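First the structure, in the form of structure tokens, and then the observations on it.
The values are calculated or read from the model by the stated rules, or taken from the named source; none is laboratory data. Note that the structure is a prediction, hence the values are computed from the model and not measured. We place every Cβ from the backbone using ideal geometry, glycine too, and count neighbours over all the protein chains shown.
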Amino acid sequence: MAQISPRPPPAAMFASLVNMGLRGQHPLFAPDDIADAMRDAPETDASRGLERAAADAMGRAGRRLMRSRSLAEARTVVSALPPPVRHAVIRAWFRFLAHVPRSAPEKLN
């Protein structure tokens, strides 16, 4: 009988993504989307504020990402977002990584 491997806990998947991100690997995002997000970036999203609809869409996407059973499923969630929301998520991810101490991912595991 085939053994079903348990779903990794969300914190473990998140820690893995942070570790990869700190090494310059961003598997949730297509390289073209990253380039577009950075090229089309407003001076700062924070100074403009996100429109309520975009912020709500980011929140829903975050909840769906945390329920993802695999990296492939998480990538599908991200790629299904409308481009302005996807780009805002990408910029938020890179801002987050810029503030993560290099020792933090080990503490998540």
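Restricting attention to the range 85-109, the residues that are more than 14 Å from residue 13 (Cβ to Cβ) and modelled with pLDDT under 85 add up to 6.
This table checks each residue for (1) among the aliphatic types (A, V, I, L, M); (2) modelled with pLDDT under 85; (3) out of contact with any helix residue (DSSP H, G or I) (no Cβ under 6 Å at 6 or more places or on another chain).
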{"site": "14", "(1), (2), (3)": "no, yes, yes"}
{"site": "22", "(1), (2), (3)": "yes, no, yes"}
{"site": "26", "(1), (2), (3)": "no, no, yes"}
{"site": "29", "(1), (2), (3)": "no, no, no"}
{"site": "43", "(1), (2), (3)": "no, yes, yes"}
{"site": "46", "(1), (2), (3)": "yes, yes, yes"}
{"site": "53", "(1), (2), (3)": "yes, yes, yes"}
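Being under 15 Å from the mean Cα position of the chain (by Cα), modelled with pLDDT under 85 and within 23 Å of residue 100 (Cβ to Cβ) is a property that residue 38 lacks.
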